[in-house]
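First up is the structure itself, then whatever we jot down about it.
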């Protein structure tokens, strides 16, 4: 049991599945796209700032950040999307996801280390490793710390 950790699973792109450790997740909420304030001169994956509990929270299109097509393609500006709020060392960052799946226990020692020739550099930077699920599909394990500490945001916070 001590090698099990709780993860939140969600989809990436049309068919990939990813997980992120629950220990870094503060909250999961629905965000209306119209409530996000765009910020000029930011990487395109940065959607802008959102008022969260009276604080300014940066929201990111995780799919675009990882090299997938943008989450917002063909989406109505009034749509609501699910946001996962991460916290590391007192810093918060939110990222939008297409579909949230489940909370699951995973054996951390079953995580395989990513080989860099197998994953694109965009994903490798934020990957802890991957699991193989019961259906023999690969489940990417994202590194919350790497996402929050990405040089992309450091100039902003």
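Structure notes:
- Only one of 134, 146 that is over 13 Å from residue 88 (Cβ atoms) and either touching a residue at least 12 places away in the same chain (Cβ under 8 Å) or not in a strand (DSSP E or B) (or both): 134
- Residue 81 being part of a strand (DSSP E or B), in contact with a helix residue (DSSP H, G or I) (Cβ under 9 Å, 6 or more places away or on another chain) and within 24 Å of residue 27 (Cα to Cα): yes
- Residue that is farthest from residue 22 (Cα to Cα), among those in the range 119-131 that are within 14 Å of the chain's Cα centre (by Cα) and not in a helix (DSSP H, G or I): 125
- Residues (touching a helix residue (DSSP H, G or I) at 6+ places or on another chain (Cβ under 7 Å) and closer than 17 Å to residue 85 by Cβ) located in the range 10-21: 20, 21
- Criterion: touching a residue at least 40 places away in the same chain (Cβ under 8 Å) and crowded, with 19+ Cβ neighbours inside 10 Å - qualifying residue of 29, 66, 71, 78: 66
- Residue match in the range 132-139 (condition: surrounded by fewer than 20 Cβ atoms within 10 Å (Cβ to Cβ) and touching a helix residue (DSSP H, G or I) at 6+ places or on another chain (Cβ under 9 Å)): yes
- Within the range 99-118, the set of residues being outside any strand (DSSP E or B), touching a residue at least 12 places away in the same chain (Cβ under 8 Å) and touching a helix residue (DSSP H, G or I) at 6+ places or on another chain (Cβ under 7 Å) comprises just one member, 114.
- Residues of the range 32-87 that are over 19 Å from the mean Cα position of the chain (by Cα) and at positive phi: 41, 53, 54, 74.
- Residues that are part of a strand (DSSP E or B), more than 12 Å from residue 85 (Cβ to Cβ) and out of contact with any strand residue (DSSP E or B) (no Cβ under 6 Å at 6 or more places or on another chain) within the range 22-57 comprise just one, 51.
Every read-out reported here was derived from the displayed coordinates using simple, explicitly stated rules and does not represent laboratory data. Note that the coordinates shown come from a computational prediction; the quantities given were computed from them, not determined experimentally. Every residue, glycine as well, gets a Cβ built from its backbone with ideal geometry; the counts of neighbours run over all protein chains shown.
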